[in-house]
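Computed from the coordinates by the stated procedures, all read-outs in this text should not be read as laboratory data. On a predicted model such as this, the values are computed, not experimentally measured, just so you know. Note that each Cβ is placed from the backbone with ideal geometry, even for glycine, and that neighbours are counted across all protein chains shown.
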Amino acid sequence: MKIDDQWAEARVEATRDLSATVREFTLRPAAGVAPWNVGSHLRVRLSADGQDLLRSYSLVGLPQDSVRDGVYRIAVKRVDPSRGGSRCMWRLSAGAVLRIAGPDNHFELPLAAPFTLLVAGGIGITPMLGMALTLARRGTPVRMLYAARSPDELVYADRLRAALGDRLATFTDAEGTRIDLDAEIAALPAGAQMLVCGPAPLLQGAQSAWQRADRPTTALRFETFGSGGLKGAEPFWVQVGGQKDGRMAARIEVPADRSLLQVLAEHGIDTMSDCERGECGLCVVDVLALEGEIDHRDVFFSAEEKCANRRLCACVSRVRGGGVVVDTGYRPDPN
Ligand code: FES
């Protein structure tokens, strides 16, 4: 069950390939653009193979440009294998009509910090572009670290370089350059904040480095896109226990390209969700038994909680080498 279902129509006005794997979509909402601030995202309702899919995409660029032009811009990475969202988005061309909700913001940029370090990995650049441009325009001290697999995947780098100059540092796997988070954090002045958006390994590394430096947790903010884990996705089974009569439901297969949350919903097992990116914790289920290992892909649980394997985020986390018995808290109506 998805909370908040305020959906409106938006038309795809244009698409633009920023790289071989990242496409920007310009969306013109029928009801006009609502005011938003950097870090905001849109929720998009898609349909693939008869399934309803809900995805969140960060708004790209500056809010004032969006409002002036009457459009939202999002950028979507083509993911292989896709859980459905990116495949669906990449099929859309100009003229297509989407259902959207929002914008909402769970990743606000505090403007009072004396210094801001922005860290973006891959498609995690999407909310960070507007943040970097905003801070640069305000003359607020900022440094940005931007990592991608290859130089051509550093989308929006030209725009960032024009705004930030040598305050932008880029890193690519292809060139063998990596962000040294410990050194970057050590160089920050007191009171600095760090905002991070990227895949789970980058976020986990940033959280650990921030803790090692004994920096205040309130000065670290992050957002993920919840699709990538440390290991590849593989199918696993799930069984829903915890029924009032002690019965156990039949095992259900979770394919490699579907999330546990999607599969539970498809089988009529209602589970709360919101972000679907492993951040909010609304989709958490209890683990009653486990075969294999849990690939925790969320940033909601602490490292200790992940080690304990007592709960998992159904929207992003998976099992490798077997399956899991969960209690969703869902109790079907006996009538
Ligand atoms: S829906 Fe937010 S963590 Fe799963």
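Taking Lys and Arg as +1 and Asp and Glu as -1, the other residues whose beta-carbon sits under 12 Å from that of L42 total +4.
Taking the longest Cα principal axis of the chain as reference, the axis of helix 200-212 is set at about 70 degrees. Considering only beta bridges that DSSP places wholly inside the chain, some 65 percent are antiparallel.
Placing unit charges on the Cβ atoms of the charged side chains and taking the dipole of the chain about its Cα centre, the candidate lying farthest along the positive direction among Y72, V326, I269 is Y72. Diffusion coefficient (Stokes-Einstein, Kirkwood radius over C-alpha pairs, 20 °C, 1.002 mPa s) for the chain: 103 µm²/s, rounded to a whole number.
Just how large is the dipole of the chain about the Cα centre, in debye to the nearest 20, putting +1 at every Lys and Arg Cβ and -1 at every Asp and Glu Cβ? Please list the in-between numbers first.
Values: 40 positive and 42 negative charges, 111 e Å.
Charge dipole of the chain: 540 debye, to the nearest 20.
Charged neighbours of L62, selected by a Cβ distance under 13 Å, balance to +3 (K, R count +1; D, E count -1).
Each Cα pair under 8 Å and six or more residues apart adds its separation to the average, and for the stretch 8-105 the resulting relative contact order is 40 percent.
Sort the following peptides by mean Cβ neighbour count (other Cβ atoms within 10 Å, averaged over residues), highest first: 54-66, 146-158. Mind dumping the intermediate values first?
Details: 54-66: 20.5, 146-158: 19.0.
Going by the mean number of other Cβ atoms within 10 Å, highest first, we get 54-66, 146-158.
Applying the Karplus relation 6.51 cos²θ - 1.76 cosθ + 1.60 with θ = phi - 60° to the stretch 93-106 yields 3J(HN,Hα) values of 10, 3, x, 5, 10, 10, 9, 10, 9, x, x, 10, 9, 10 Hz, where x marks Gly and Pro. Derived scalar couplings between HN and Hα for the stretch 263-276 equal 5, 4, 4, 4, 9, x, 9, 6, 10, 5, 7, 9, 5, 6 Hz in order, rounded to whole Hz, by the Karplus curve 6.51 cos²θ - 1.76 cosθ + 1.60 (θ = phi - 60°), x for Gly and Pro. Using a Förster radius of 30 Å, what is the FRET efficiency between R167 and T218 based on their Cβ-Cβ separation? Nearest 0.05, please. After rounding to 0.05, the efficiency reads 0.80. Comparing A148, M131, T170 along the charge dipole axis of the stretch 129-172, the residue lying farthest to the positive side is M131, per the Cβ-charge model. Only Cα pairs under 8 Å and 6+ residues apart enter the sum, and on that basis the relative contact order of the stretch 116-224 stands at 30 percent.
For the chain, the longest principal axis of the alpha carbon atoms and the long axis of helix 125-138 meet at an angle near 30°.
Under the definition of Cα pairs under 8 Å and six or more residues apart, what whole-number percent is the relative contact order of the chain?
Details: 714 pairs, mean separation 47.9, N = 335.
Relative contact order, the chain: 14 percent.
Over all other residues within a Cβ to Cβ distance under 14 Å of A30, the charged ones net out to +1, with Lys and Arg as +1 and Asp and Glu as -1.
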